[in-house]
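Notes follow once the structure below has been shown.
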There are 2 protein chains.
Amino acid sequence: MAISVDTFFLSPKAHGTLQAQIQQMIAEGILSGRFHVGEKLPSSRKLAIHLGISRITVTLAYTELLANDYLSSRGRSGYYVSDNAPVPPSYTPPEKSEDTVDWSKTIVRQFTGGDTPRKPQDWRDYKYPFIYGQADPSLFDHANWRLCALRALGQKDFAALTTDYFDQDDPLLIEYIARHTLPRRGITARPEEILITLGAQNALWLVTQILLNGDRKAAIEDPCYYTLRDQLTHSRCQIDAIAVDGDGLPPEQITDDTDVIFTTPSHQSPTTATMPMGRRRALLERARDIDAMIVEDDYEFEMSFLSAPSPALKSLDRDGRVVYVGSFSKSLFPGLRLGYLVGSEPFIRQARALRANVLRHPPGHIQRTVAYFLSLGHYDAQIRRTAKKLHQRRTVMEEAISAHGLTIAGHGVYGGSSIWMQADPSLDMASVARSLMPQSVLVEPGAPFFAAQNRQHNYYRLGYSSIAQNRIEPGLALLAAALQHP
Amino acid sequence: MAISVDTFFLSPKAHGTLQAQIQQMIAEGILSGRFHVGEKLPSSRKLAIHLGISRITVTLAYTELLANDYLSSRGRSGYYVSDNAPVPPSYTPPEKSEDTVDWSKTIVRQFTGGDTPRKPQDWRDYKYPFIYGQADPSLFDHANWRLCALRALGQKDFAALTTDYFDQDDPLLIEYIARHTLPRRGITARPEEILITLGAQNALWLVTQILLNGDRKAAIEDPCYYTLRDQLTHSRCQIDAIAVDGDGLPPEQITDDTDVIFTTPSHQSPTTATMPMGRRRALLERARDIDAMIVEDDYEFEMSFLSAPSPALKSLDRDGRVVYVGSFSKSLFPGLRLGYLVGSEPFIRQARALRANVLRHPPGHIQRTVAYFLSLGHYDAQIRRTAKKLHQRRTVMEEAISAHGLTIAGHGVYGGSSIWMQADPSLDMASVARSLMPQSVLVEPGAPFFAAQNRQHNYYRLGYSSIAQNRIEPGLALLAAALQHP
């Protein structure tokens, strides 16, 4: 039997080259059982005419499928589904029936329903996306990233790509972080004191598992990164949410029974406050006095375009009391999912064992790609280009904010990629944000950042890492109008 | 000041092109503070002669560094470290001091010290690596993997590469698994019933967190995959290790108070036993009778070169009682770290929330690359090529095992990539394995697979997924000699 040429059509939405699409259509037809062993494919000429593409494209696709043993060729008589082609399943899938499992009893731990809000996945379709922490194609050095990834895919790097590191990491990446990244934050660390994680969030999660349980108490900043609060809730520890001021977390507010202090000194999340050196020392002293650990989330320190960043808390730590969390997700792109933990060896040993138990290790190819991107200098070059652009956007932001009479609640003196805003106390920014979506404006309501007992609804965050400069003013004009006539 | 040409040298161990190495040396020199703003680089001619390479290579490296603003050019007078080049840190790293933290008190949960053994990272240097579950460069379709990864790195896929999926996955990969992979195991599932994980181990971990706590009881196979036992230990549940027989887990041995049953019906790990259809039905019935969940780890079902695999337990499940764990790590390579969970929607909803909390999502680029590799048919082609090779190696294995009088304890009737072996009960295979390492033979002692109270020391596993066919016989000869004169 011959397979009809009409089975084939090119989808306008399809990805990849024409050759790849044809290959894919045929492979899927065989794997799904629509095309059977021995059936004849349309001639390359016929299929090319039918699809309106060049014949060589079809021939190349057929040749590739021949090599993979999906097709066989019988000389001049054409191509057939090969005898060795994969066989589709012979059993028919069962009817869908109702679960008899009582899920409310079977699920012993609930993880849904926390503070972490759902974000719009289609933010790229918005005209005025004041979204935070996403990748801007106009800022990301895609070409060099691609080259580094390609290099990490080479034969020479086969082991780095495919290997089972068990509880270890790519030595090249660890070495680079130890020798170049950390010294720029004033930190010295040996490889045994560094662990690669699936992003900063994963690093924070590892920390909560090792340092906290139902008998312990954590101090967090209020407002703070909501996912951290969800992670702490799952660890069942007691949570003390301490209101931050214009200099970040006030050390004197930390109670004596605190075991772990979570802080974001470079740019407080979300208020963007930078902790001055004096307070950093005071915080370390307070931690020493009450024998508490400090977890320093040093996110976004690279975005310091207004003035140089202060040395990390970790660089001032003489006790081994600070666990440092770094990330590449913000400075490169969030889909990368790569961060790192720095801490004393006994701590990192536990974090390594836990990570190995939960997921073994972050994929080797990604680790190696980042190692190349860093060591070739692309990373620093990208940071500088991005900072320059963010600086320009920040200037436009502040002008437009002032022109439209909006109120800034916090804007990092060192730079950053967002401004923390305040509306009239009578307003609920969640509903304002919703009302702006039909006008293609995306702003982030601030309420989820606050602890439940102290939730304030008139704050919001304006990110400027993904919005084009010329969209800033018109976007803020729409926002200002919505705030005046909510 | 000019930078001396003698600062530059090519390392014979360096990775990448000559151009990349030069770029790297200069960028690192600037970032580490060895090269200062305004310093003059050697002329391209001088540096080329010094390194013994072509001048154009040096010029290309300089041009790239110029574009990245590491260097500036002053017309014909040459290249200088740019005024805008990144500045090294100005503070000096502190002296290393002793921790004052009491780690035995500060660490509230220990994760080290489980059953999971350390594996030799340098196994590729062994001549006779009877190792299990690692990538063999001679079997892996590196070229097409590279093409798929490259395609996923293209401009068109920018969003898939960089995007923050939050708690979601790449829709292309989910669709392929739902439409093609699962039907081949007799399973139908909607996208809401599928979650991508960081490998099968991460999938199992998610399951233990949701279904088990200190009040629950899990039944596991004995012997079984040791990391699963470590994961269950951390969940604090009661563990019932049930001895498997030649057909895998005997359902009648599962006690009435069991809440979750972990099983590997395709190839019992590590004995390689395949559970017959009758027992699969009996197991499901037993689970229904005692209202227990079943977690089916369907690893290696693709390696069925001796006869077709049985339908998955999940395909027989009418109750929503089976959680299915699939993986690409074994069939592609372990460094990939990609697997998936299939289960009823209420369960997957919790697993999704937990995964989001712990690590958000597996990196988008990897998900998209696998989606392409699957949909273009490369995956199935690779499976077939691999199965053919494994079949040949298996034949050689069995011949050599028989010729040397070694004793098979279990060998999958459907195929697989390892044989479960038994030595004289007086022997400790851990010490035999150690004694074979200087002879470049790597075998895996079986003791860690057994539960502590029932640990047997005379078993071992022979993997044949990474050993060349002609190395099998000489390797087993060395093993046989060591077993005779331990």
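The values are calculated or read from the model by the stated rules, or taken from the named source; none is laboratory data. Keep in mind that what you see is a predicted model, and the values were worked out from it rather than measured. No Cβ is skipped: glycine too gets one built from the backbone with ideal geometry, and neighbour counts run over all protein chains shown. The area values use the complete protein model at the heavy-atom level, side chains included, leaving out ligands, DNA and RNA. Shrake-Rupley method; radii C 1.70, N 1.55, O 1.52, S 1.80 Å.
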Name every residue in region B:431-455 that is surrounded by 16 or more Cβ atoms within 10 Å (Cβ to Cβ) and outside any strand (DSSP E or B), in order of residue number. B:432, B:433, B:436, B:443, B:446, B:447, B:448, B:449, B:450, B:451
Restricting to region A:457-486, give me the number of residues that are out of contact with any helix residue (DSSP H, G or I) (no Cβ under 7 Å at 6 or more places or on another chain) and open to solvent by 20 Å² or more (accessible area, probe 1.4 Å). 8
Result of the Cβ filter at 8 Å on region B:28-43, keeping first residues that are without any contact (Cβ under 8 Å) to a residue 12 or more places away in the chain and within 14 Å of chain A (Cβ to nearest Cβ) and partners that are among the hydroxyl-bearing types (Ser, Thr, Tyr) and surrounded by 14 or more Cβ atoms within 10 Å (Cβ to Cβ), at least 6 apart or interchain, is B:28/A:375
Flag for residue A:257 being assigned by TED's automatic domain parsing to the domain that holds residue A:186, among the acidic types (Asp, Glu), in a loop (DSSP other than H, G, I, E, B) and under 25 Å from residue A:190 (Cβ atoms): no
Which condition does residue A:156 not pass, out of (1) closer than 30 Å to residue B:123 by Cα; (2) facing another protein chain (nearest Cβ under 7 Å); (3) assigned to a helix (DSSP H, G or I); (4) touching a Pro at 6+ places or on another chain (Cβ under 9 Å), if it passes all the others? (4)
Matching residues, region B:160-204, being facing chain A (nearest Cβ under 7 Å), touching a residue at least 60 places away in the same chain (Cβ under 8 Å) and assigned to a helix (DSSP H, G or I): B:161, B:162, B:180, B:201, B:202
How about region A:29-43: which of its residues are small (Gly, Ala, Ser) and either modelled with pLDDT of 90 or more or in a loop (DSSP other than H, G, I, E, B) (or both)? A:32, A:33, A:38, A:43
Being open to solvent by 10 Å² or more (accessible area, probe 1.4 Å) and either of a type in the set (Phe, Trp, Tyr) or facing chain B (nearest Cβ under 8 Å) (or both) narrows it down to one residue among A:324, A:379; which is it? A:379
Could you list, in sequence order, all residues of region A:216-228 that are surrounded by 23 or more Cβ atoms within 10 Å (Cβ to Cβ) and within 18 Å of the chain's Cα centre (by Cα)? A:224, A:225, A:228
Looking at region A:44-149, what helices (runs of 4 or more DSSP H) fall wholly within it and have at least 2 residues that are at the interface with chain B (Cβ under 8 Å from one of its Cβ atoms) and either within 29 Å of residue A:417 (Cα to Cα) or modelled with pLDDT under 85 (or both)? none
Does residue A:391 satisfy being out of contact with any helix residue (DSSP H, G or I) (no Cβ under 9 Å at 6 or more places or on another chain) and open to solvent by 10 Å² or more (accessible area, probe 1.4 Å)? yes
Only one of these conditions is not met by residue A:307: (1) among the polar types (S, T, N, Q); (2) over 30 Å from residue B:226 (Cβ atoms); (3) within 8 Å of chain B (Cβ to nearest Cβ). Which number is it? (3)
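Say we look at region B:417-430 and pick out the residues that are of a type outside the set (S, T, N, Q) and not in a helix (DSSP H, G or I); which of these is nearest to residue B:249 (Cα to Cα)? Full working, then the answer.
At the first step, the residues of region B:417-430 found to be of a type outside the set (S, T, N, Q) are B:419-421, B:423-425, B:427-430.
Cutting the leftovers down to not in a helix (DSSP H, G or I) gives us B:419-421, B:423-425, B:427-428.
Numbers: B:419: 18, B:420: 16, B:421: 19, B:423: 23, B:424: 25, B:425: 23, B:427: 26, B:428: 26 Å.
The qualifying residue nearest to residue B:249 (Cα to Cα) is B:420.
Does residue A:26 count as assigned to a helix (DSSP H, G or I) and over 24 Å from residue B:177 (Cβ atoms)? First the steps, then the outcome.
On the way: assigned to a helix (DSSP H, G or I): yes; over 24 Å from residue B:177 (Cβ atoms): no.
In short, no.
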Output the number of residues of region A:327-349 satisfying the condition of being more than 10 Å from chain B (Cβ to nearest Cβ) and polar (S, T, N, Q). 2
Can you run down the residue pairs with Cβ atoms below 7 Å, 6 or more apart or on separate chains, where the first is in region B:462-486 and of a type in the set (Lys, Arg) and the partner is open to solvent by 30 Å² or more (accessible area, probe 1.4 Å)? B:471/B:127
Which numbered condition residue B:180 fails, given (1) at pLDDT below 95; (2) open to solvent by 20 Å² or more (accessible area, probe 1.4 Å): (2)
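Restricting attention to region A:394-416, and to residues there that are outside any helix (DSSP H, G or I) and open to solvent by less than 20 Å² (accessible area, probe 1.4 Å), which single residue is farthest from the other protein chains (Cβ to nearest Cβ)? Quick ask: steps written out before the conclusion?
If we filter region A:394-416 for residues that are outside any helix (DSSP H, G or I), which is where we start, we get A:404-416.
Keeping just the survivors that are open to solvent by less than 20 Å² (accessible area, probe 1.4 Å) gives A:410, A:412, A:415-416.
Details: A:410: 23, A:412: 20, A:415: 15, A:416: 18 Å.
Top of the filtered list is A:410.
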Somewhere in region B:221-230, is a residue part of a loop (DSSP other than H, G, I, E, B) and more than 13 Å from chain A (Cβ to nearest Cβ)? yes
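Are any residues in region A:3-23 in a loop (DSSP other than H, G, I, E, B), open to solvent by 40 Å² or more (accessible area, probe 1.4 Å) and not aromatic (Phe, Trp, Tyr), and if so, which ones?
In the first step, residues of region A:3-23 are kept if they are in a loop (DSSP other than H, G, I, E, B); the result is A:3-4, A:8-17.
Restricting the remaining residues to those that are open to solvent by 40 Å² or more (accessible area, probe 1.4 Å) gives A:4, A:9-13, A:15, A:17.
Selection gives A:4, A:10, A:11, A:12, A:13, A:15, A:17.
Table: residues versus (1) surrounded by 21 or more Cβ atoms within 10 Å (Cβ to Cβ); (2) out of contact with any Pro (no Cβ under 8 Å at 6 or more places or on another chain).
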position	(1), (2)
A:30	yes, no
A:35	yes, yes
A:47	yes, yes
A:56	no, yes
A:62	yes, yes
A:73	no, yes
A:78	no, yes
Looking at the structure I just gave you, is residue A:187 in the same structural domain as residue A:230 (by TED's automatic domain parsing), under 20 Å from the mean Cα position of the chain (by Cα), at pLDDT below 95 and not hydroxyl-bearing (Ser, Thr, Tyr)? no
Which residue is farthest from residue A:410 (Cα to Cα), if the candidates are limited to region A:205-220 and must be of a type in the set (A, V, I, L, M) and within 10 Å of chain B (Cβ to nearest Cβ)? A:210
